[in-house]
Ligand SMILES: NC(=O)c1ccc[n+]([C@@H]2O[C@H](COP(=O)([O-])OP(=O)(O)OC[C@H]3O[C@@H](n4cnc5c(N)ncnc54)[C@H](OP(=O)(O)O)[C@@H]3O)[C@@H](O)[C@H]2O)c1
């Protein structure tokens with residue numbers, strides 16, 4: 001038997017932010033394999049459409065809607081339902097995955113616009129999406145919020161002050177939300193990955209692929225599918241089981257700053 005118990009996900013509707021690549025795209029494919037319906041959101045339409053096509057091609061996949069949406073744009077978030085077909089309005093799982101880090105500058109040298117954009121997506125966007133969905137979850141007395149935190153939300157490191165602050169905010173928000181919902185059937189999960197090789201580091205280093213590659217040099221990092229498996233596993237537990245937190249590392253990473261790089 002698959003650990004996913006896909007029968008629990010069959011016909012469920014999953015909304016994924018940041019679904020145009022990396023962890024979000026891998027998660028969409030895995031939910032599709034379990035027969036779930038999908039609402040895929042991201043800013044880059046072309047990349048998003050490619051993911052939607054791949055998801056639709058999965059045998060047994062449910063219905064799929066792909067909508068261009070910037071989670072940091074409050075108007076776009078408020079108008080989301082207008083872009084979603086009626087048949088997908090009853091969302092069962094919200095995966096708040098959209099997020100990024102920009103730069104490794106130290107405090108004093110960080111551009112204000114970088115501070116703002118990281119907070120706007122990683123924190124305000126995640127909060128706006130959760131507020132939108134949670135009202136509906138409460139009315140329907142069902143639902144699951146899965147937030148993608150980070151090792152950076154557990155352990156601050158030099159050169160990551162703003163990103164670490166945003167992911168600590170995600171951790172605090174997720175913990176408060178879980179406590180608020182203790183008297184409901186709504187589940188709240190935070191998944192905290194260590195190093196995952198996606199476009200994440202390329203974006204951090206502003207397109208410098210060789211700087212990004214150095215992050216993973218000498219060790220085997222996680223791949224997007226590893227975290228997708230954790231997300232789908234958490235979503236497919238029996239309704240009385242809430243996976244509150246999952247901290248997932250490559251085997252040769254022990255903390256944000258301690259890795260063994262001789263093994264690859
Ligand atoms: N990779 C790692 O090592 C790592 C470790 C810990 C945690 N994480 C977290 O995992 C999540 C996914 O990252 P990833 O590794 O899959 O990186 P990725 O490959 O760069 O994917 C990030 C996704 O987020 C989307 N996104 C970014 N800003 C957005 C916005 N304002 N509105 C909507 N979508 C937005 C991007 O799509 P568009 O550009 O098309 O909008 C993209 O689909 C992030 O929250 C990240 O912080 C990653």
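The values are calculated or read from the model by the stated rules, or taken from the named source; none is laboratory data. No experiment lies behind these values; they were computed from the predicted model shown. Positions of Cβ are backbone-derived with ideal geometry, glycine not excepted, and every protein chain shown enters the neighbour counts.
Check whether at least one residue in the range 79-93 is surrounded by 18 or more Cβ atoms within 10 Å (Cβ to Cβ), at pLDDT 95 or above and closer than 30 Å to residue 208 by Cβ, and report yes or no.
Scanning the range 79-93 turns up no residue that is surrounded by 18 or more Cβ atoms within 10 Å (Cβ to Cβ), at pLDDT 95 or above and closer than 30 Å to residue 208 by Cβ.
For the range 98-108, state whether one or more residues are closer than 12 Å to residue 72 by Cα, buried (at least 19 other Cβ atoms within 10 Å of the Cβ) and at pLDDT 95 or above.
Yes: one or more hits.
Among the residues of the range 48-56, is there at least one that is buried (at least 20 other Cβ atoms within 10 Å of the Cβ), touching a helix residue (DSSP H, G or I) at 6+ places or on another chain (Cβ under 6 Å) and not in a strand (DSSP E or B)?
Scanning the range 48-56 turns up at least one residue that is buried (at least 20 other Cβ atoms within 10 Å of the Cβ), touching a helix residue (DSSP H, G or I) at 6+ places or on another chain (Cβ under 6 Å) and not in a strand (DSSP E or B).
Testing residue 18 on (1) within 14 Å of residue 228 (Cβ to Cβ); (2) surrounded by fewer than 24 Cβ atoms within 10 Å (Cβ to Cβ), one condition comes back false. Which one is that?
For residue 18, the exception is condition (2).
Can you name every residue in the range 12-39 that is assigned to a loop (DSSP other than H, G, I, E, B), more than 12 Å from residue 93 (Cβ to Cβ) and more than 13 Å from the ligand (Cβ to nearest atom)?
35 - this is the single residue of the range 12-39 that is assigned to a loop (DSSP other than H, G, I, E, B), more than 12 Å from residue 93 (Cβ to Cβ) and more than 13 Å from the ligand (Cβ to nearest atom).
Got a sec? Which helices (runs of 4 or more DSSP H) wholly within the range 115-223 have at least 1 residues that are crowded, with 21+ Cβ neighbours inside 10 Å and in contact with a strand residue (DSSP E or B) (Cβ under 7 Å, 6 or more places away or on another chain)?
126-140, 161-180
Taking the condition within 11 Å of the ligand (Cβ to nearest atom), under 27 Å from residue 94 (Cα atoms) and either under 16 Å from the mean Cα position of the chain (by Cα) or surrounded by 18 or more Cβ atoms within 10 Å (Cβ to Cβ) (or both), does residue 244 pass?
no
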